[in-house]
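Read through the structure below, which is laid out as structure tokens, and then see the notes.
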Amino acid sequence: MSKVLRCLAGDAAVMAMVMDSTDLVREGARIHQTTPTMSAALGRALTAVSMMGIMLKNTEDSVTLKLAGNGPAGTVITVADGRGHARGCVGNPTVDLPLNPNGHLDVGGAIGNDGMLYVFRDTGAREPYIGCTPLVSGEVAEDLTSYYAHSEQLPTVCALGVLIDRDRTVKVAGGLLLQLLPFCPESVIEQVEKNIAAMPSVTEMMTSGMDVHAMADTLLDGLGYEIVDEYEPTYRCTCSREKVEGAFSAIPSDQLMTLPDENGKTTVNCNFCDKEYTFTEADIRRILAERLGEK
């Protein structure tokens, strides 16, 4: 089970989250049958959006993270609710690239560094919040750090990691997100910088056997932190047959009856979980009749 700790440290001058997202990322990689490079890209985005979801005020709210770069991966989209349950999809899950010059999976090369990062927050208001910033590297963590600094004016540290095993499955995945709150004392900032400089990578800590509590101890050493919340997010899709029917409302009436194939059926697959929904010609006629009846 994936796990997230949300903490306050430095006399409530710092908010930090530490996440083991291994199970969540494994499920996303399994559903989309991603290559190692794309497992890392999707996994980093799933980890990031899960932590972003937990920062929402209400559990029924949602946040969407969209990375639209010029790389061969296409668009990466992930969505999370207020408990961190997340889902995602990638434009081209079969893209695989050679390791980058540092010997790591080339997520930046797959996503690309020319494009935009978008954040959509749906809080039940008439219009969702939309923020965006240019991509910095396509490596996700750096791009998210830049987004918070420029779009929300929040000094942020983000680290994300996905380690792929020899059998091309996800071995470990996790992340850290730390934000300096307004009026954070200089002494606290200096301690945070010292801790970050001395920290191993997320995957190094996880493969050494550290759990989220030990990772929080390392990140927040000397800052006197308390755990505010603990979450166990999963890969969770919210699709349903009713929602698919609702999507048909965007199709003009004169085109609805062209959907069934030669067998009198039309099939729709969910982009997030690949679940298949089949509609017969009778279903389409009923949907059309209901639409006309409303008029």
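Among the residues of segment 118-125, at least one is farther than 18 Å from PRO36 by Cβ, modelled with pLDDT of 95 or more and of a type in the set (A, V, I, L, M). Scanning segment 237-244 for any residue that is assigned to a loop (DSSP other than H, G, I, E, B) and among the acidic types (Asp, Glu) turns up nothing.
For the criterion of being assigned to a strand (DSSP E or B) and either in contact with a Ser or Thr (Cβ under 6 Å, 6 or more places away or on another chain) or in the same structural domain as ARG30 (by TED's automatic domain parsing) (or both), GLY175 passes.
From the list VAL202, VAL212, exactly one residue is in contact (Cβ under 8 Å) with a residue 40 or more places away in the chain, closer than 24 Å to ALA12 by Cβ, surrounded by 14 or more Cβ atoms within 10 Å (Cβ to Cβ) and in the same structural domain as ALA141 (by TED's automatic domain parsing). Which is it? Selected residue: VAL212, the only one of VAL202, VAL212 that is in contact (Cβ under 8 Å) with a residue 40 or more places away in the chain, closer than 24 Å to ALA12 by Cβ, surrounded by 14 or more Cβ atoms within 10 Å (Cβ to Cβ) and in the same structural domain as ALA141 (by TED's automatic domain parsing). The listed residues are THR47, THR64, and the only one of them that is β-branched (Val, Ile, Thr), crowded, with 24+ Cβ neighbours inside 10 Å, under 14 Å from the mean Cα position of the chain (by Cα) and under 19 Å from TYR148 (Cβ atoms) turns out to be THR47. Only one of the numbered conditions (1) closer than 20 Å to CYS158 by Cα; (2) touching a residue at least 40 places away in the same chain (Cβ under 8 Å) is not met by ARG236, and that is (1). Note on segment 58-122: enclosed strands (runs of 3 or more DSSP E) holding 1 or more residues that are aromatic (Phe, Trp, Tyr) and without any contact (Cβ under 8 Å) to a residue 60 or more places away in the chain are 116-122.
The values are calculated or read from the model by the stated rules, or taken from the named source; none is laboratory data. Remember, it's a predicted structure, so these values are computed and weren't measured experimentally. Here Cβ is always computed from backbone atoms with ideal geometry, including for glycine, and neighbour counts include all displayed protein chains.
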